[in-house]
Amino acid sequence: MSWYHPSSILDKVFEGGILLKGISGALEFIGGALLFFVSPASIHNFIVFITHRELLTDPHDKIANLLLTSTQHLGGSRTFLIVYLWIHATIKLIAVIGILKNQLWAYPFSLITLGALMLYQVYSIVFVSVSIGMILLTVFDIFILWLILREYKIVRKNLAQQS
């Protein structure tokens, strides 16, 4: 077993995308833990506290308003969010670690699981609410899935040539 070593520019983009997925997975796990241990009201009050000054100077600040809006309704969906974040994080982290360790099983695992999660994103865009952020995330995920498929084909071809 050896670690993944990018050789071309596209390989380096692949590695960067995979590392971003790993960071995203770690942040999702931390977010789920935060929701588990801290009440939604406390999270919202903290966001109100940290955005208060910014909103005084610019009441239309998009990031501050997005943070406030996203924390206003955490209570009703808390359990769902915790489970969703932890499942999503676990899948991402298993996939990322497996790929970076050059584990052949990690490629199909990633394609299937990350593809299924991406389908949920598409469902959310189409049937729940259209969000530019979610659309951009989905386009990024499609690109990452294409890179995973490309790399999987290369790894399989190299293994077949070595046999």
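The values are calculated or read from the model by the stated rules, or taken from the named source; none is laboratory data. Remember, predicted model here, so these are calculated numbers, not experimental data. Glycine also receives a Cβ, built like all others from the backbone with ideal geometry; neighbour counts cover every protein chain displayed.
Can you tell me which residue within the stretch 2-18, out of those that are in contact with a Lys or Arg (Cβ under 9 Å, 6 or more places away or on another chain) and loosely packed, with under 13 Cβ neighbours inside 10 Å, is modelled with the lowest pLDDT?
Here the residue is S2.
So V139 fits all but one of (1) of a type in the set (V, I, T); (2) free of Cβ contacts under 8 Å to residues at least 12 places away in the same chain; (3) more than 30 Å from S7 (Cβ to Cβ); what number is the exception?
Checking V139 against (1) of a type in the set (V, I, T); (2) free of Cβ contacts under 8 Å to residues at least 12 places away in the same chain; (3) more than 30 Å from S7 (Cβ to Cβ), the one that fails is (3).
Among the residues of the stretch 97-129, write down those that are touching a Ser or Thr at 6+ places or on another chain (Cβ under 8 Å), in contact (Cβ under 8 Å) with a residue 40 or more places away in the chain and in a helix (DSSP H, G or I).
I99 - this is the single residue of the stretch 97-129 that is touching a Ser or Thr at 6+ places or on another chain (Cβ under 8 Å), in contact (Cβ under 8 Å) with a residue 40 or more places away in the chain and in a helix (DSSP H, G or I).
Which of the numbered conditions does I144 fail, given that it passes all the others? Conditions: (1) assigned to a helix (DSSP H, G or I); (2) surrounded by fewer than 12 Cβ atoms within 10 Å (Cβ to Cβ).
Going through (1) assigned to a helix (DSSP H, G or I); (2) surrounded by fewer than 12 Cβ atoms within 10 Å (Cβ to Cβ) one by one, I144 breaks only (2).
So, in the stretch 120-163, how many residues would count as being under 17 Å from the mean Cα position of the chain (by Cα) and among the hydroxyl-bearing types (S, T, Y)? Don't jump to the end; show me each part of the working.
Within the stretch 120-163, the subset under 17 Å from the mean Cα position of the chain (by Cα) is 120-125, 131-148.
Next cut, among the hydroxyl-bearing types (S, T, Y) only: 120, 123-124, 131, 138.
So the count comes out to 5.
I need a count of the residues in the stretch 65-119 that are under 30 Å from I154 (Cβ atoms), loosely packed, with under 14 Cβ neighbours inside 10 Å and either under 14 Å from the mean Cα position of the chain (by Cα) or among the aliphatic types (A, V, I, L, M) (or both).
4
Does the stretch 18-60 hold any residues that are within 30 Å of L147 (Cα to Cα) and either small (G, A, S) or not in a helix (DSSP H, G or I) (or both), and which are they?
G22, S24, G25, A26, G31, G32
Scan the stretch 29-54 for residues that are farther than 25 Å from Y84 by Cα and either at pLDDT 90 or above or loosely packed, with under 13 Cβ neighbours inside 10 Å (or both) and jot them down.
Within the stretch 29-54, F49, I50, H52, R53 qualify.
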